[in-house]
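Worksheet: one structure, shown below.
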Amino acid sequence: MASPTATGPRRAPESGIRRVRRQLPTSPWLFAAPGLLIAGAFILYPFVSTLVNSFTDRRTLVPGEFVGLANFRELLHDDMFWIGLRNSTLYVLGVVPALVLLPLLLALLVQKNIPGITFFRSAFYTPVVASIVVVGLIWVWMLDERGLVNSLLEAAGASPVGFLSDQWLILLSAMAVTVWKGLGYYMIIYLAALANVPRELHEAAAVDGAGAVRRFLTVTVPAVRSTMVLVAALSSVAAFKVFSEVYLMAGPSGGPAGEDTTLVMLVQRTGTGLTGRVGYASAISVVVFVVTVALMLLVLRADRKEES
């Protein structure tokens, strides 16, 4: 009888996944490549290009030369820049508190599962999916001197209001459009946060004799405070970079004598056209970027200070 051949232990065959990992060590980068290319082409490159152009006197059809901080020094003496900075700051102060509190109250109203509540949730969210241009034109039609609102005022015996002709009313009207359109979006964020609030906390507070207002202040607000910080950061950045609402309400000129111009409108007006000052508009864009980052850091710092 022949003796069996002495052989070592046989290795288990490698799985297909291990073979692929050995053959393609860069396969994770291949999956990430499309996203990285898109981010590089449409985010990183424009950012670096804007930063470089802010130090040049480049125009639309002229490459331009390096001028150092000349564009930023010019900003300090540009009255229109300070008007834009004022209006953008006022927009943040007027819009952010409303978009932090009103969607929370709206989420509390539609949180309960009662018959027909789905319809109201959808109705409140509809402005979010609507085009800002369509929404803006509807509001312009409503607030025009011969629009729906003034027609109702005249029918009631009141004088028409110049919503689209007065400097401050234009800004307030644009703020109203921003708040109305953003209510549904931030309502959904709050609904997700409220779903994680334990019902036992409300029941314990109710047993202790706390009313609805007290439960809101002592239970709901602390439970969703981190979400409120998120909403404040998102809405403050969006409000400071506002363009469409004010552009549609005030027109390309920015209202009477350009008094309703925002910083982003100033960037568009300065940097476009055949004779657009791309370098100067890039400097304004850099200022907008720095201020928005500062706003986010300020909100996060206030939140950490409150936690400590």
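The values are calculated or read from the model by the stated rules, or taken from the named source; none is laboratory data. The structure presented is a predicted model; accordingly, all values stated were derived computationally and were not measured. Don't worry about glycine lacking a Cβ; one is built from the backbone with ideal geometry, like all the others, and counts go over all protein chains shown. The protein model used for the area step is the full one, side chains on, heavy atoms only, and it has no ligands, DNA or RNA in it. Shrake-Rupley method; radii C 1.70, N 1.55, O 1.52, S 1.80 Å.
Just to confirm the number: angle between the C-alpha axis of helix 132-143 and the first principal axis of the chain, 0 to 90 degrees, nearest 10?
Once rounded, the angle reads 20 degrees.
Once R0 is set to 41 Å, what does the formula 1/(1 + (r/R0)^6) return for the Cβ-Cβ distance between Ile138 and Asp208, expressed as a FRET efficiency to the nearest 0.05?
Efficiency, rounded to the nearest 0.05: 0.30.
Using a 1.4 Å probe on the protein heavy atoms only, what accessible surface does Ser131 show? Give it in Å² to the nearest 10.
Counting only protein heavy atoms, Ser131 exposes about 60 Å² to solvent.
May I ask you to rank Ile284, Ile189, Ile43 by accessible area, largest first, using a 1.4 Å probe over the protein chains only?
The ranking, largest first, comes out as Ile43, Ile189, Ile284.
When the chain is modelled as a GNM with alpha-carbon springs shorter than 10 Å, which of Asp208, Asp144, Asp79 fluctuates the most?
Highest fluctuation among the options: Asp208.
What part of the accessible area of the chain, given as a whole %, is carbon or sulfur when the probe is 1.4 angstrom?
67
Considering Cα pairs under 8 angstrom that are at least six residues apart, work out the relative contact order of the chain and quote it in whole percent. Intermediate values should be presented prior to the final figure.
On the way: 319 pairs, mean separation 89.5, N = 308.
Relative contact order of the chain: 29 percent.
Rolling a 1.4 Å sphere over the protein heavy atoms, what is the accessible area per residue of the chain, to the nearest Å²?
I get 63 Å² per residue for the chain.
Taking amide H positions as placed in the peptide plane 1.01 Å from N, state which residues far from Thr56 in sequence (5 or more) or on other chains have amide H under 5 Å from it.
Val67
Report the paramagnetic label zone for Leu93: residues of the stretch 46-80 whose backbone N is under 19 Å from a point 7 Å from Cα along the Cα-to-Cβ axis.
80
Quick one: if you stick a label point 7 Å off each Cα along the C-beta vector at Leu148 and Asp78, how many nm between them?
About 3.8 nm, to one decimal.
On C-alpha positions alone, give me the angle between the axis of helix 117-129 and the longest principal axis of the chain, in degrees, nearest 10.
Once rounded, one gets 80 degrees.
Along the charge dipole of the stretch 122-268, pointing to its positive end and built from +1/-1 on Cβ of Lys, Arg, Asp and Glu, which listed residue (Gly147, Thr220, Val177) has its Cα farthest out?
After comparing all options, I get Thr220.
For Ile117 and Phe31 in one chain, what is 0.36 nm times their gap in residues minus the Cα-Cα distance, to one decimal in nm?
26.8 nm
Order Met175, Met142, most accessible first, counting only protein heavy atoms with a 1.4 angstrom probe.
Working: Met175 25, Met142 50 Å².
Ranked from most to least accessible, the order is Met142, Met175.
Is there a quick way to get the dipole size of the chain? I mean about its Cα centre, with the Cβ of Lys and Arg at +1 and of Asp and Glu at -1; what is the value in debye to the nearest 20?
The calculated dipole for the chain is roughly 1700 debye.
So what is the 222 nm mean residue ellipticity for the chain from helices alone, if each DSSP H run of at least 4 adds -39500 (n - 2.57) and you divide by all residues, rounding to the nearest 500 deg cm²/dmol? Please list the in-between numbers first.
Values: 15 runs with 205 residues, N = 308.
The per-residue figure over the chain is -21500 deg cm²/dmol.
Which order do the peptides 218-230, 92-104, 236-248 take when ranked by the mean count of other beta-carbon atoms within 10 Å per residue, highest first? It would help to have the intermediate numbers written out before the result.
On the way: 218-230: 16.8, 92-104: 19.1, 236-248: 21.2.
The packing order, highest mean first, is 236-248, 92-104, 218-230.
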